[in-house]
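Below is one structure; the comments refer to it alone.
Computed from the coordinates by the stated procedures, all read-outs in this text should not be read as laboratory data. All of these numbers come straight from a predicted model, not from anything done at the bench. Here the Cβ positions follow ideal geometry from the backbone for every residue, glycine too, while neighbour counts run over all protein chains shown.
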Amino acid sequence: MKIIGHRGAAGVATENTLPSIRKAVAAKADFVEIDIRKTRDNKIVVSHDDSLLRVFGVRLKISAHTLKELHTVCPELPTLENALTTMKSAGAIIEFKEFIEPNRVMSIINKFNKKNVRFASFNHNLLRAIKKSNPDAFCYVLEHHSPFEIINKARKMHMNGIGLNYGVINPLTYFLARRDKMEIYIYTVNKKWIINVMGFFYPKAYICTDFPGLVKK
């Protein structure tokens, strides 16, 4: 079973932080999933939300401040480069939470030329932009609700895979994705018995979880 650590290991450490990423690496996650956003001075930081309030208790919007300003009050906020360095040999899945110029992100990733880096987003226009500028980039189309429609969209967009909520994954979608040679990952599965069920019915899928340590390697 292939395991993705969700926002690092968000169930055991603060999500999208270096300690969380280290926990995922220690649990031998195959990939570590992180979210990225852009600061006012165009630096790339790791955050799911557009502000620091929920995670860090700091009432600052990321896009309204420079990296230096953000780090002054929240030094725990990682940059993308910090995160990729901390992942060591684990692969990375980078989810774009807003539109960021793909080449800006690629200029950072190119410093890690041996790392297996994949991209994911619910924003289809963003994924098209990534593929246009980097045709060999590995991209997942994410979807909450439409397990069949997403297969057709991914095929038309020449994407490499799909990411689906575990509540909507089903055997036919899994079969169609495998038939079309698309990778599939299932998010976010946080109970061990559900992880085991997903692994039994969908053995070639990647399981994304806040608790990568639940799965013994």
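Data overview
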{"quantity": "Placed amide H near Phe119: partners under 5 Å, 5+ positions off or other chain", "calculated": "Ile94, Phe138, Cys139, Tyr140"}
{"quantity": "Distance histogram in 10 Å bins (all Cα pairs of the stretch 97-217, percent per bin)", "calculated": "13, 41, 33, 13, 0"}
{"quantity": "Rough spin-label spacing in nm, given labels placed 7 Å along Cα→Cβ, for Lys192 and Asp50", "calculated": "4.0 nm"}
{"quantity": "Amide H partners (placed H, <5 Å) of Ile162, local residues excluded", "calculated": "Val141, Glu183, Ile184, Tyr185"}
{"quantity": "Length added when fully stretched, Arg59-Lys204, from 0.36 nm per residue minus Cα-Cα", "calculated": "48.0 nm"}
{"quantity": "Residue-span extension gain [His124 to Leu172] - 0.36 nm each, minus C-alpha spacing", "calculated": "15.0 nm"}
{"quantity": "222 nm mean residue ellipticity, helices alone, for the chain (DSSP H n ≥ 4; -39,500 (n - 2.57); rounded to 500)", "calculated": "-9000 deg cm²/dmol"}
{"quantity": "In range of the label at His158: residues from the stretch 129-143 whose backbone nitrogen is under 16 Å from the point 7 Å along Cα→Cβ", "calculated": "129-141"}
{"quantity": "Inter-label distance, nm, simple model (7 Å from Cα along the C-beta direction), Phe112/Ser133", "calculated": "1.8 nm"}
{"quantity": "Among (1) 27, 21, 15; (2) 41, 24, 14; (3) 33, 22, 15, the entry derived from the coordinates for semi-axes √(5λ) of the Cα gyration tensor in Å", "calculated": "(1)"}
{"quantity": "Global geometry of the stretch 1-121, whether rounded, prolate or oblate, following the gyration tensor of its Cα atoms and the 1.5 cut on a/c", "calculated": "oblate"}
{"quantity": "Point-to-point label distance, Val73-Asn103, nm (Cα→Cβ direction, 7 Å offset)", "calculated": "3.4 nm"}
